[in-house]
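Structure first, commentary second.
The values are calculated or read from the model by the stated rules, or taken from the named source; none is laboratory data. Owing to the predicted nature of the structure, the values given are computational and were not obtained by experimental measurement. Here the Cβ is made from the backbone with ideal geometry for all residues, glycine too, and neighbour counts use every protein chain on show. Just the protein is used for accessible areas: all its heavy atoms, side chains included, with ligands, DNA and RNA removed. Shrake-Rupley method; radii C 1.70, N 1.55, O 1.52, S 1.80 Å.
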Amino acid sequence: MRSRGWRGAASADVPATLLAVDTATDICSVALAIGDRIDERMEAVGHKHSERILPMVEALLRANGLRLADCDAIAFGAGPGAFTGLRVACGIAQGLAFGTGKPVVAIGNLRALAFTAGAAQPRARRIVAAIDARMQEIYWAAYSIEAGVPIEISPPALARADELSALCRHQAPDLLAGNAVRAFPIAASGAGCATAADATASARSIASLAIGEFAAGRAVPPAQAAPIYVRDRVALTIEERRAATAVAGVRR
């Protein structure tokens, strides 16, 4: 049996076993990394992540003849993404980790997206990952690809969708990846680089990156795990809406 502290890494001669969960979008996915092999399950669940995630985890472990206690760490997609989905993923990862005394690895969804896109287009050395954040906005980040691993150049941020072309011209990527390409085709058309509209993040790519983070000793205690909230707020209070309406009336 392997024994290690929260921040410990798997010994070099024993491959790590890691469970990853992702609920940042309407696709709920779980993956189990066992050494170099990754088994993934995915379901389109809408807003029912909290109902489906644990049964999916249980089915995945059972299919591989493992118990949760056999995992060395729990990873999750930390965002950015849907607020509720990110809270579900973080809470599930924390709960599973607390219950088994395991550490947690948080992996950014834009980084996982860049990993997927880079694996599909290995000639891309610099990638801008961008996804639809609703309200005519995007979540985006830029990465260089080194030995197949995305290294952050510009951290996850929120921008207007019509700024996408300018962002890409500034970052000069080889590839623009993510569903922002499809959601905002006019803005994406001015990126000046190849595009990958179908590239997505999932528990598989999160697990792949988490294995490296865990091996490097960058897992954390469950209490320290947190989502990446790029957009702090998604709605105004009643008072703020009234104030905004009043200001708009004055300006007219």
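Some notes on this structure:
- Among the listed options (i) 19.3, 71; (ii) 18.8, 59; (iii) 17.8, 57, the one matching Rg and Dmax of the Cα atoms in Å as calculated from these coordinates is (i).
- Modelled this way, with points 7 Å down the Cα-to-C-beta line, the labels at ALA63 and ASP174 are 3.3 nm from one another.
- Residue-span extension gain [ILE34 to ALA223] - 0.36 nm each, minus C-alpha spacing: 65.5 nm
- For the stretch 52-163, with +1 on Lys and Arg beta carbons and -1 on Asp and Glu, the positive-most of ASN109, ILE145, PRO55 along the dipole: PRO55
- The length gained by stretching the chain between ALA216 and ALA197 to full extension, at 0.36 nm per residue less their Cα-Cα distance, is 3.7 nm.
- Pairwise label distance in nanometres, ARG160 with GLU51, each label 7 Å out on the Cα-Cβ vector: 3.9 nm
- Helix axis angle, 203-215 relative to the chain longest principal axis, alpha carbon, degrees: 60 degrees
- For the stretch 151-181 versus the stretch 37-55, the spacing of their alpha-carbon centroids is 28 Å.
- Length available on full extension from ASP70 to ARG231: 0.36 nm per residue minus the Cα-Cα distance, which gives 54.4 nm.
- Relative contact order, percent, the chain [alpha-carbon distance under 8 Å, six or more residues apart]: 23 percent
- DSSP-defined beta bridges in the stretch 1-159 - what % are antiparallel, rounded to 5: 75 percent
- Surface share of carbon and sulfur [accessible, 1.4 angstrom probe, percent] for the chain: 54 percent
- Solvent-accessible area per residue, Å², over the stretch 45-106 with all protein chains present [probe radius 1.4 Å]: 41 Å²
- If you run the Gaussian network model on the chain, springs between alpha carbon atoms under 10 Å, then out of THR84, THR25, THR116 the most flexible one is THR84.
- Against the main long axis of the alpha-carbon atoms of the chain, helix 83-100 sits at an angle near 20°.
- Only Lys, Arg (+1) and Asp, Glu (-1) charged, at Cβ; the chain dipole about Cα centre in debye: 440 debye
- When the chain is treated as a GNM with alpha-carbon contacts under 10 Å, the residue of GLY99, GLY178, GLY81 showing the greatest mean-square fluctuation is GLY99.
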